Amino acid sequence: MTLDELLQGQIPDSIEDKTAAASQLVALSRRIVPVTSLLIASARRDNFRNDVTAWAAWCRETLAMDGSDRDHRRQIGDLLLDTRADNAVYNTLFALPFDKLLVLSRIDAGQIGAFLSHYDVKNLRRDELREAVANWLGEEPKARHETPDLPGFTLALEAINAMEPEAICTRIGDQDAAMSALRAGMGLLGGALEYHKREKKDVQMLQELKSSLLNEVKELERVIEECCIQHCEN
């Protein structure tokens, strides 16, 4: 059975064919992150250049990605684009999951080959990889700082960052879950914005964040208008 037939909902009869079909789907799912990352990064470089607003709109409309999800994919995509000339490095990175690729995207593409020769990235746990990258970059190990009123905050952030965005969207399937996620997300966003407004370190990131937020405002305005029309019709 072909992959196209599987994606149309057809199911093979024998267990052997089911096993083969499952293998195809697993292989496909593992390629989604690197492929979408390449598309996002190359579109920014080659097609939109300095037009951040248009690029953000394209990502949202074409791939249903925005905000940190889109920006993380771009970081990963930039690393993949910059290592394509080295087949060994590129193939190693291409086979890694999202959380490891995101950690590795902190390393300059010119150094990633040397890093991979020193560390067995495939078999490292995510926290071990983060420590290895920090050590490679000459950073001091980060101690876990917890405040009495926020126990487990660092671990919670790490757990959320390790989740695939698609999995989060699937999990939020009702009003209660959506409101709970919204409250948590607004609190985290507010705290992050206060930090960046205070420190003023990354102008490009702030510009891209502004563009993303404005695009979300436009989308909310559209949804509100549709809700108002439906209310009037009823």
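Laboratory data are not the source of any read-out in this text; all were calculated from the coordinates shown. Note that the coordinates shown come from a computational prediction; the quantities given were computed from them, not determined experimentally. Cβ coordinates were reconstructed from backbone atoms using ideal geometry, including for glycine residues, and neighbour counts include every protein chain displayed.
With θ set to phi - 60°, apply the Karplus curve 6.51 cos²θ - 1.76 cosθ + 1.60 along region 175-181 and write out the HN-Hα couplings as whole Hz, x wherever there is a Gly or Pro.
Each residue of region 175-181 in turn: 4, 5, 5, 5, 5, 5, 5 Hz.
I'd like to know which of Leu189, Gly152, Gln204 lies farthest towards the positive end of the charge dipole of the chain, counting +1 on Cβ of Lys and Arg and -1 on Cβ of Asp and Glu.
After comparing all options, I get Gln204.
How about Lys201: which lysines have a C-alpha closer than 26 Å to its C-alpha, ignoring those fewer than 8 places off in the same chain?
Lys100, Lys142, Lys210
Let me spell out the model: positive unit charges on the Cβ of Lys and Arg, negative unit charges on the Cβ of Asp and Glu, origin at the Cα centre of the chain. What dipole size does that give, in debye rounded to 20? Don't skip to the end; give the middle numbers.
Working: 28 positive and 39 negative charges, 147 e Å.
Computed about the Cα centre, the dipole is about 700 debye.
Got a sec? Charge dipole of region 1-160, +1 on Cβ for Lys and Arg, -1 for Asp and Glu; which of Thr36, Gly77, Leu102 is way out at the positive end?
Of the listed residues, the answer is Gly77.
Take each of the peptides 158-171, 66-79, 203-216, 96-109, average the number of other beta-carbon atoms within 10 Å over its residues, and list them starting from the highest. Please list the in-between numbers first.
Details: 158-171: 12.6, 66-79: 21.4, 203-216: 14.4, 96-109: 19.1.
Answer by packing, highest mean first, reads 66-79, 96-109, 203-216, 158-171.
Report, by chain and number, residues whose modeled amide H sits under 5 Å from the one on Met65, excluding near sequence neighbours (fewer than 5 apart, same chain).
Arg60
Using the Karplus curve 6.51 cos²θ - 1.76 cosθ + 1.60 with θ = phi - 60°, what ³J(HN,Hα) values do you get for each residue of region 64-74, in whole Hz, with x for Gly and Pro?
Each residue of region 64-74 in turn: 6, 10, 8, x, 5, 4, 4, 5, 5, 5, 5 Hz.
What is the Cα centroid distance between region 181-223 and region 97-126, reported in whole angstrom?
With region 181-223 and region 97-126 each reduced to a Cα centre, they are spaced 28 Å.
At a temperature of 37 °C and a viscosity of 0.692 mPa s, determine how fast the chain diffuses translationally according to Stokes-Einstein, using the Kirkwood radius over alpha-carbon pairs as Rh; express D in µm²/s, rounded to the nearest whole number. Don't jump to the answer; show the numbers that get you there.
Numbers: Rh = 20.7 Å.
In µm²/s, the coefficient rounds to 158.
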